[in-house]
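The values are calculated or read from the model by the stated rules, or taken from the named source; none is laboratory data. Treat the numbers as computed from the prediction; the structure is a model and nothing was measured. Cβ placement follows ideal geometry from the backbone for every residue including glycine, while neighbour counts extend to all protein chains displayed. What goes into the accessible areas is simple: the full protein's heavy atoms, side chains included, and nothing from ligands, DNA or RNA. Shrake-Rupley method; radii C 1.70, N 1.55, O 1.52, S 1.80 Å.
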Amino acid sequence: MNAMTAENLRSAFGGESQAHMRYRIWSDKANKDGFPTVARLFMATSDAEEVHATLHFKALKDVSGDFLVASGAGFGLSTTSDNLQGAINGELHEVNQMYPAYIAVAEMQGEKTAISAMRFAIEAEKVHAELFTKAKEAVDAGNDLEAKVVELCPVCGYITLTGEEDKCPLCNAKKELFVAY
């Protein structure tokens, strides 16, 4: 694998891994603040970030050794509204800046496995940003997020609040694989 694509995948792995843990912490806070559905959304998204980190790690299967990994990570434990804004900011950074640049490099270098892993991530991150925005609007109005379900596609990290999909709209995984929260 080309060095620049490998470095970008490691950075993405680091960022996704940190988001995984950050969302777990923010889930606990949402529960304590009385927003159980927002807490479930944070947990589902935490697991989605683990899916992305795993895809990146597997794309690096031929790269071994110890590396210093630079990655962006939001910090802070505040109100559920503030934590949701932090989540929105992080997801939009990945959608608008990080993944487009990383994908462009991987395309230039012909790294098909890396491109696939990052495309799943960017498309799922768009959905995550939308769902966090919807959750923030509810919380700012003093309400919990309204959702029929909170379900995760364990293949690509897509999340649904309706459960109406017959298959994952991003990766075509069967609905039966979805994980409920």
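If you fit an axis through the alpha-carbon atoms of helix 36-59 and take the longest principal axis of the Cα set of the chain, what angle between them do you get, 0 to 90°, nearest 10?
Rounded to the nearest ten degrees, it is 10.
Over the stretch 29-181, what percent of the accessible surface lies on carbon and sulfur atoms, probe 1.4 Å?
53
Springs between alpha-carbon pairs under 10 angstrom, Gaussian network model over the chain: which of Glu16, Glu111, Glu50 fluctuates most?
Among Glu16, Glu111, Glu50, the largest mean-square fluctuation in the Gaussian network model of the chain belongs to Glu111.
Dipole of the stretch 108-181 (Lys/Arg Cβ +1, Asp/Glu Cβ -1, origin at the Cα centre): which of Cys153, Gly142, Thr113 lies farthest to the positive side?
It is Thr113, whose Cα lies furthest towards the positive end.
Of the peptides 102-109, 66-73, 53-60, how do they stack up when ordered by the mean number of other Cβ atoms within 10 Å, highest first?
Ranked by mean Cβ neighbours within 10 Å, highest first: 53-60, 102-109, 66-73.
Most mobile of Glu125, Glu91, Glu146 per a Gaussian network model of the chain (Cα springs, under 10 Å)?
Glu146
Which shape class applies to the stretch 27-109: rounded if a/c is under 1.5, otherwise prolate when a/b exceeds b/c and oblate if not, where a ≥ b ≥ c are the square roots of the Cα gyration tensor eigenvalues?
prolate
Given axes a ≥ b ≥ c from the Cα gyration tensor, I'd like to know whether the stretch 81-181 is rounded (a/c under 1.5), prolate (a/b larger than b/c) or oblate.
oblate
Calculate how steeply helix 112-140 sits against the longest principal axis of the alpha-carbon atoms of the chain, using the helix alpha-carbon long axis, and give the answer as 0 to 90 degrees to the nearest 10.
20
Would you calculate a helix-derived [θ] at 222 nm for the chain, using -39,500 (n - 2.57) for each DSSP H run of n ≥ 4 and dividing by the full residue count, to the nearest 500?
It comes out at -20500 deg cm²/dmol, rounded to the nearest 500.
Please give the contour-minus-distance gain from Asp62 to Ala101: 0.36 nm per residue of separation, less the Cα-Cα distance, rounded to one decimal in nm.
Working it through step by step, the gained length comes to 11.8 nm.
Mind jotting down the distance between the C-alpha centroids of the stretch 61-140 and the stretch 5-60, whole Å?
9
Report the full-extension gain for the segment Val69 to Asn143: residue separation times 0.36 nm, less the Cα-Cα distance, to one decimal in nm.
The Val69-Asn143 span can extend by a further 22.8 nm.
Pull out a ≥ b ≥ c, the square roots of the eigenvalues of the alpha-carbon gyration tensor of the chain, then state rounded if a/c is under 1.5, prolate if not and a/b is larger than b/c, and oblate in the remaining case.
Taking the square roots of the gyration eigenvalues as a ≥ b ≥ c, the chain is prolate.
For Tyr181, what is the net charge nearby, where nearby means another residue's Cβ is under 9 Å from its Cβ and Lys, Arg count +1, Asp, Glu -1?
Here the count lands on -1.
Please work out the FRET efficiency for the pair Ile25 and Asp166, using the Cβ-Cβ distance as r and a Förster radius of 22 Å; give the result to the nearest 0.05.
0.05
At 1.4 Å probe radius, can you tell me the per residue accessible area of the stretch 52-181 in Å²?
54
Between beta-carbons, use under 13 Å as the cut-off and find the net charge around Asp28, counting Lys and Arg +1, Asp and Glu -1.
Local net charge: +4.
Can you give the angle from 0 to 90° between the axis of helix 99-108 and the longest principal axis of the chain, with both taken from C-alpha atoms, to the nearest 10?
That helix lies at roughly 20 degrees to the long axis.
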